[in-house]
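The structure appears below as structure tokens.
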Amino acid sequence: MTKINLCTLLFFSVVICFAQEDLKEREKQAAFDPAYSTYSRKKPAYVTLKNGEKVEADIKDVDRKKGQINEIKFIKSDGSKLRVSAEEIVDLYMAPSGFEKMQQQSNFINDATKWGNSDASKYLNKGYTMYTNQMVSLKNKKKEAEYLMQVINPKFGQYIEVYSDPWAKETMSFNPGGLKVAGGIKKSYYIKKGDEKVLWLTKQDFDKHFNDLFMDNDKFKAKYADHKFKWSLLGVYILDYTEFTMEEETATPTK
């Protein structure tokens, strides 16, 4: 091998190495929040009702349908009980079980204030999880109904919001012995772009929805024009789309 060819090979190896490291860092930034199915009984929940009332109370019980919250029972500080259906709630912030341990280990709330929702910033910075009222057709098959759904990209969900699918299957991953085991990437999420209906987005159908989700942004389109998109990079795509859209809106002069 000539010295020129060797230098060229080394150059491209370094470029690829840096690109991979940049992507890994970007994936960390775009990681979805953990999905929780349990809640702390030691920390109060914070609820905004559709009638404008704000409630701070302990959670007594959470009722779910197909994994999504459809009713919550609270106990207020004066001992009175409150039973509220999902249809009556705008949003909910509650601490997951193991709250204290999770709060110490958390590394996904540092930039919460960047995204503009003061209530979200305040509670997310305390380690709380965020739920919002959504009209949903579960798995795109059931009759639409209102549920409280956990937002798992609250830091970058201004344009495309992602919600946990509690019943999502997972891709296979390999253990040290080479055996395939469950515990990889979630195969489905619920997702909402702007004012559109909530979509049950699956790994299998990702290619059908990619253009509608992302390709209306010129910067995104230029970056990913020749890209073979991957389900595992869903968070990265949404973070890029969010930042590109915010840049465009900031650059566009107001009339």
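Applying a threshold of 7 Å to beta carbon distances and a minimum spacing of six or more residues, or different chains, the list of pairs starting in segment 218-239 at a residue that is in a loop (DSSP other than H, G, I, E, B) and ending at one that is modelled with pLDDT of 95 or more reads PHE229/PHE210.
With GLU53, GLU87 as the choices, which residue is under 27 Å from SER188 (Cα atoms), surrounded by fewer than 18 Cβ atoms within 10 Å (Cβ to Cβ), out of contact with any Gly (no Cβ under 9 Å at 6 or more places or on another chain) and among the acidic types (Asp, Glu)? When all the criteria are applied, what remains is GLU87. Kindly indicate whether any position in segment 21-29 is modelled with pLDDT of 85 or more, in contact with a Phe, Trp or Tyr (Cβ under 8 Å, 6 or more places away or on another chain), surrounded by 10 or more Cβ atoms within 10 Å (Cβ to Cβ) and not β-branched (Val, Ile, Thr). No, the conditions are met nowhere in segment 21-29. State whether one or more residues within segment 159-175 are modelled with pLDDT under 90, part of a helix (DSSP H, G or I) and out of contact with any Asp or Glu (no Cβ under 7 Å at 6 or more places or on another chain). Taking every residue of segment 159-175 in turn, none turns out to be modelled with pLDDT under 90, part of a helix (DSSP H, G or I) and out of contact with any Asp or Glu (no Cβ under 7 Å at 6 or more places or on another chain).
Residue by residue through segment 69-84, note down the ones that are buried (at least 17 other Cβ atoms within 10 Å of the Cβ) and in contact with a helix residue (DSSP H, G or I) (Cβ under 7 Å, 6 or more places away or on another chain). Matches in segment 69-84: ILE69, GLU71. Note on segment 126-174: residues that are open to solvent by less than 20 Å² (accessible area, probe 1.4 Å), in contact (Cβ under 8 Å) with a residue 40 or more places away in the chain and at positive phi amount to 0. Among the numbered conditions (1) modelled with pLDDT of 90 or more; (2) of a type in the set (Phe, Trp, Tyr); (3) open to solvent by 100 Å² or more (accessible area, probe 1.4 Å), the only one that TYR46 does not meet is (3). Within segment 193-217, being buried (at least 17 other Cβ atoms within 10 Å of the Cβ) and in a loop (DSSP other than H, G, I, E, B) holds for VAL198, LYS203, ASN217.
With respect to (1) within 30 Å of SER121 (Cβ to Cβ); (2) modelled with pLDDT of 95 or more, the lone exception for THR202 is condition (1).
The values are calculated or read from the model by the stated rules, or taken from the named source; none is laboratory data. Not measured: the values here are computed from a predicted model. Cβ coordinates were reconstructed from backbone atoms using ideal geometry, including for glycine residues, and neighbour counts include every protein chain displayed. With ligands, DNA and RNA removed, areas are computed over all heavy atoms of the protein, side chains included. Shrake-Rupley method; radii C 1.70, N 1.55, O 1.52, S 1.80 Å.
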